[in-house]
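**Q** Please read through the structure below; I'll follow up with questions.
The values are calculated or read from the model by the stated rules, or taken from the named source; none is laboratory data. Because the structure is predicted, anything quoted here is derived from the model rather than measured. Every residue, glycine among them, receives a Cβ derived from its backbone with ideal geometry; neighbour counts consider all protein chains shown. All accessible areas refer to the heavy atoms of the entire protein, side chains included, with ligands and DNA or RNA removed. Shrake-Rupley method; radii C 1.70, N 1.55, O 1.52, S 1.80 Å.
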Amino acid sequence: MLPQPLASRARTLLAACSLALPLMAQAGRPLMVDDAGVNEAGAGHIESWFERGPGGQRAWTVAPVYAPVAGLELGAAFARDTTERRNSLRLQAKLQFTAPADDRCYHAAVLGLAHTQGRGNTPGINLVMSCPFAPGTVHFNLGAAKPAHQPSAVFVGAAWEQELGWATGHVEWIATQRDKPIFNLGLRREIAKGLQLDGSLGRQAGRTLFSVGLKQQF
């Protein structure tokens, strides 16, 4: 067992590394790696999900997203960590530089700010590229976040999505500086017009991660 000071520092470091993913955590469900797509102008969606996250915490999240103009998507996410009884709020703006096409990559950048009760603010940036890769699509992320009172942490991520007929599946890998990488699998399916059911299952440092959620398009 770690001495109490070391155990406290380990918990603080783990929390800081978990906060290095505020932008990817608001990617299109059930992905953690973001894609370069945005809603059409005047359209949006609301996502809600329950998860066991990278730090072992269990949380409920509600996240509305809206595109006021073409190529710009504004989002927010309110989460309640039921393990540590903390609330957090994330705000982000996603700017798409190039529109999707059948034969070329498209790009976006995400600027975000996460605030967690008792831990302060975590600003961050994420550069996103999505590319057609028959028979699916691949997504790449490169970014950094700066938790309060902690050094900045760089993160990278890659995901591959594939239409399976009855659902859309993905496999993804995420690595954050000073933390163990995450390997994640997910499925999403439209169960009614504009209503999506989704879920994911992953592993990090011997811990099992999972999530289940709904997405309503409007």
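**Q** Calculate, for Ser152 and Cys131, the FRET efficiency according to 1/(1 + (r/R0)^6) with r their C-beta to C-beta distance and R0 45 Å; round to the nearest 0.05.
**A** Step by step, r from the Cβ atoms, then E = 0.95.
**Q** Counting only protein heavy atoms and a 1.4 Å probe, tell me what percentage of the chain's accessible area is made up of carbon and sulfur.
**A** 65
**Q** Ok, one more. Of Lys180/Lys215; Lys146/Lys180; Lys94/Lys146, which sit over 20 Å apart, Cα to Cα?
**A** Lys180/Lys215
**Q** Just reorder Arg58, Arg85 by solvent-accessible area, largest first, 1.4 Å probe, all chains present.
**A** Listed by decreasing accessible area, they come as Arg85, Arg58.
**Q** Any chance you could give the angle, 0 to 90 degrees and rounded to 10, that helix 4-18 forms with the longest Cα principal axis of the chain?
**A** Relative to the chain, helix 4-18 is tipped by roughly 10 degrees.
**Q** Using r as the Cβ-Cβ distance of Ser48 and Asn121, and R0 as 35 Å, what FRET efficiency do you calculate, to the nearest 0.05?
**A** 0.90
**Q** Still on this structure, I have one more. What accessible area, in Å² to the nearest ten, does a 1.4 Å probe give for Lys180?
**A** Surface open to solvent at Lys180 totals about 120 Å².
**Q** Kindly state, to the nearest 0.05, the FRET efficiency for Leu113 paired with Ala167, given R0 = 41 Å and r defined as their beta-carbon distance.
**A** For Leu113 and Ala167, the calculated efficiency is 0.80.
**Q** Here's a follow-up. For the chain, what does the helix formula give at 222 nm: sum of -39500 (n - 2.57) over DSSP H segments with n ≥ 4, over the residue count, nearest 500 deg cm²/dmol?
**A** So the calculated ellipticity at 222 nm is -2500 deg cm²/dmol.
**Q** Identify which of the listed values of Rg and Dmax of the Cα atoms in Å was calculated from the structure shown: (1) 23.4, 82; (2) 33.1, 98; (3) 16.8, 56.
**A** The value computed from this structure is option (3).
**Q** Could I ask something else about it? Using a 1.4 Å probe, what is the accessible area per residue for segment 47-152, in Å²?
**A** I get 51 Å² per residue for this part.
**Q** Where the centroid of each part is defined by its Cα atoms, how far is segment 81-150 from segment 40-57 in Å?
**A** Between the Cα centres of segment 81-150 and segment 40-57 lies a distance of 12 Å.
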